[in-house]
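Asks: Have a look at the structure that comes next, please.
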Amino acid sequence: MLERAPQGKVQVIDLDLPSGRSQLTTDEEWQQRADGDRAHIDLLMVDAATAEFEIPSGNGRIGGVLAPYGPVTRETCLRAANSGSLTRFRVGTGDRSSLASLGLQRGSAICVVTDSRQLVQLSVTDQTFDNAKINTTGRLTVAVTVLGPVTG
C-alpha cells in the first residue's frame, strides 16, 4: 500500500526484492544509509505529511503510468515506463485531480524499469480517500508483478 507513513517514518521500496519490498524507516535512518543501499530504492516517500512518492532518477530507473483503457502487456508497460512521465505523485484528497490527470486510478498501472533493469508493474487495485475531510491523505493499494528483464 502506498499511503502516509506514521509520524517520523518514510516508506522505501526496492522493487527488485522478491519479498519485503516495502520498508518503513525513520528519516534519520534513511539519511544515514550508505549511498549504495539508497541507490537500489525504486520508490521513495519524500514527504510523509502529504504521502508524496518519488521514483528516484538515475541508475537507469524510469517510470510511467499505464491508464486503465486496455489490457496490460509487457510491451505496453515497457512503453509507459520508457515515457518517463511519472517522477512524483501525492496520494491525498487535495491531489485527486493530479492523480487523475496522470491516469493514476483504480485499474491503472505504475510501470517502472528498476536500477537492476527489471520491468515491474504496480497495478492499482484500490484507491481510497476520506471524502469527509479536505487535504487528508489517501491510500493506493497495489499488486506488484515482475515482468522480467529489460535489455537494450
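Asks: Before we move on, is Arg106 modelled with pLDDT of 85 or more, basic (Lys, Arg) and exposed (fewer than 14 other Cβ atoms within 10 Å of the Cβ)?
Replies: It is true that Arg106 is modelled with pLDDT of 85 or more, basic (Lys, Arg) and exposed (fewer than 14 other Cβ atoms within 10 Å of the Cβ).
Asks: I've got another one for you. Tell me, please, whether a residue that is β-branched (Val, Ile, Thr) and closer than 21 Å to Gln121 by Cβ can be found in region 51-60.
Replies: Yes, there is a match, as at least one residue in region 51-60 is β-branched (Val, Ile, Thr) and closer than 21 Å to Gln121 by Cβ.
Listed here are the residues, each with its yes/no results for (1) open to solvent by 40 Å² or more (accessible area, probe 1.4 Å); (2) touching a helix residue (DSSP H, G or I) at 6+ places or on another chain (Cβ under 9 Å); (3) of a type in the set (Asp, Glu).
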| position | (1), (2), (3) |
| --- | --- |
| Arg38 | yes, yes, no |
| Asp47 | yes, no, yes |
| Ile55 | no, no, no |
| Ile62 | yes, yes, no |
| Val65 | no, yes, no |
| Arg74 | yes, no, no |
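Asks: When you go through Val46, Val72, Val144 one by one, which is the residue that is in a strand (DSSP E or B) and over 17 Å from Arg21 (Cβ atoms)?
Replies: Testing whether each residue is in a strand (DSSP E or B) and over 17 Å from Arg21 (Cβ atoms) leaves just Val46.
Asks: Any residue at all in region 87-106 that is of a type in the set (Phe, Trp, Tyr) and over 26 Å from Asn59 (Cα atoms)?
Replies: no
Asks: Being within 19 Å of Glu3 (Cβ to Cβ), assigned to a helix (DSSP H, G or I) and open to solvent by less than 30 Å² (accessible area, probe 1.4 Å) is the requirement here; does Leu86 meet it?
Replies: Judged against the criteria, Leu86 is not a match.
Asks: Here are Val91, Val120: which of them is surrounded by 17 or more Cβ atoms within 10 Å (Cβ to Cβ), under 18 Å from Leu147 (Cα atoms) and of a type in the set (A, V, I, L, M, F, W, C)?
Replies: The unique qualifying residue is Val120.
The values are calculated or read from the model by the stated rules, or taken from the named source; none is laboratory data. Values in this document were obtained by computation on a predicted structure and should not be read as measured data. Every residue, glycine among them, receives a Cβ derived from its backbone with ideal geometry; neighbour counts consider all protein chains shown. SASA here: full protein model, heavy atoms, side chains in, ligands and nucleic acids out. Shrake-Rupley method; radii C 1.70, N 1.55, O 1.52, S 1.80 Å.
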